[in-house]
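Novice: Before we start, here is the structure in question, set down as C-alpha cells.
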Amino acid sequence: MKSTNLKNLIWLLWMGVTPAFAQKTEATFDIFFKGSKIGVLKAFEEKQGAQLIKDIKTQSDTKVLAFSVHVESEIYTVHENNKLVKGTAYRHANRGSEDVHAHTEKTATGQYQRERNGKKTVIGEAITMCVADLYFREPKGLNRVYSNMHAEFVELKPLGGGKYQLTTPDKKSSYFTYQNGKLMMMEVDTPVGKATTKRA
C-alpha cells in the first residue's frame, strides 16, 4: 500500500514539474564580424502562468582599426494575453554606439508609459509583437513590430524566402532570415562593415 502511495506521489510530482520544463526555450547565436567570431547572443523564452517572458542578451568584443570595441545589450519583455505588459532594454558600448536605457509599461488605463534615456512619452495603442519575439517566431503577415530599445514601433518588410528587413527610426536596417519558421541568421549593416549573427 505504501509503495502504491509513493508511486502515485512521484507521478503527481512529475506531472506538476514536467510542464514547467517543457515551457522554457533557449537559443544561442554566434556573432561574426569580418569572418571572426566576436560574441554571443542568448535568447530565452519562458511561460510562467499567464505570462510569457523573453530575455535577449548579447555581448561582443572586436577591434576596429586600433580601437577595442565592447558592446553589451539586453531586452526583457513580459506579455500577458498576447499583449505587452512591460519591457526594458539597455545597450552599453565603450565607443561608437549610443548608450540606451528604455522602459515601456502598460498602465491601468490600457495605455503605455514609455521612457527612453530620460524622455517620457505615452502611447495609446496595443502592443502585441516586439522585436524580442522575432528570435522565437517568424513574423508572417506583419509590417511593423515594437522596439523596446527605441521605445516605438519600427518598420518590418518581408523580402520573400523567409527573409525580413527591419528598419529603425535612425534608418539602420537589419535582416532576419527564417527556415521553417525558426530564426537562423541576422545581418546588421554598420559603418565599419556587416555583422552576422548565426544560430549555433
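The values are calculated or read from the model by the stated rules, or taken from the named source; none is laboratory data. Everything numeric here is computed off the predicted structure, so don't read it as measured data. Quick reminder, even Gly has a Cβ in these numbers, built from the backbone with ideal geometry, and neighbours come from all protein chains shown. Surface areas here come from the heavy atoms of the whole protein model, side chains and all, with no ligands, DNA or RNA. Shrake-Rupley method; radii C 1.70, N 1.55, O 1.52, S 1.80 Å.
Novice: Looking at (1) modelled with pLDDT of 95 or more; (2) closer than 23 Å to residue 44 by Cα, which is the one condition that is false for residue 157?
Specialist: Every listed condition holds for residue 157 apart from (2).
Novice: Still on this structure, I have one more. Here are 25, 58: which of them is open to solvent by less than 40 Å² (accessible area, probe 1.4 Å), at pLDDT below 95 and either closer than 19 Å to residue 199 by Cα or in a strand (DSSP E or B) (or both)? Don't jump to the end; show me each part of the working.
Specialist: On the way: 25 fails: open to solvent by less than 40 Å² (accessible area, probe 1.4 Å).
The match here is 58.
Novice: Same structure again: Looking only at region 183-194, count every residue that is modelled with pLDDT under 90 and of a type in the set (A, V, I, L, M, F, W, C) and tell me the total.
Specialist: Kept after step one, since they are modelled with pLDDT under 90, are these residues of region 183-194: 189-194.
Remaining after also requiring of a type in the set (A, V, I, L, M, F, W, C): 192.
So the answer is 1.
Novice: Considering only residues that are among the small types (Gly, Ala, Ser) and touching a residue at least 12 places away in the same chain (Cβ under 8 Å), which ones fall in region 94-109? Talk me through it step by step, then tell me what you get.
Specialist: Our first condition is that a residue be among the small types (Gly, Ala, Ser); within region 94-109, this holds for 96-97, 102, 108.
Within region 94-109, 96, 97, 102 meet the criteria.
Novice: Of all residues being modelled with pLDDT of 80 or more and either surrounded by fewer than 17 Cβ atoms within 10 Å (Cβ to Cβ) or among the acidic types (Asp, Glu) (or both) in region 62-77, which is nearest to residue 124 (Cα to Cα)? Just the residue, please. So that I can check it myself, show each step before the final result.
Specialist: Filtering region 62-77 down to residues modelled with pLDDT of 80 or more leaves 71-77.
Pick out the ones that are also either surrounded by fewer than 17 Cβ atoms within 10 Å (Cβ to Cβ) or among the acidic types (Asp, Glu) (or both) and you get 72, 74.
Details: 72: 31, 74: 25 Å.
Among those residues, the one meeting the criterion is 74.
Novice: Could you please let me know if residue 91 is in contact (Cβ under 8 Å) with a residue 40 or more places away in the chain, in a strand (DSSP E or B) and either open to solvent by 80 Å² or more (accessible area, probe 1.4 Å) or among the charged types (D, E, K, R) (or both)?
Specialist: Working: in contact (Cβ under 8 Å) with a residue 40 or more places away in the chain: yes; in a strand (DSSP E or B): yes; either open to solvent by 80 Å² or more (accessible area, probe 1.4 Å) or among the charged types (D, E, K, R) (or both): yes.
Yes; evaluated as a whole, the condition is true for this residue.
Novice: Mind telling me which of the residues 109, 121 ends up being loosely packed, with under 15 Cβ neighbours inside 10 Å, at negative phi and outside any strand (DSSP E or B)?
Specialist: Working: 121 fails: outside any strand (DSSP E or B).
Just one listed residue meets the conditions, 109.
Novice: Can you confirm whether region 127-147 contains a residue that is out of contact with any strand residue (DSSP E or B) (no Cβ under 9 Å at 6 or more places or on another chain) and open to solvent by less than 80 Å² (accessible area, probe 1.4 Å)?
Specialist: Within region 127-147, not a single residue is out of contact with any strand residue (DSSP E or B) (no Cβ under 9 Å at 6 or more places or on another chain) and open to solvent by less than 80 Å² (accessible area, probe 1.4 Å).
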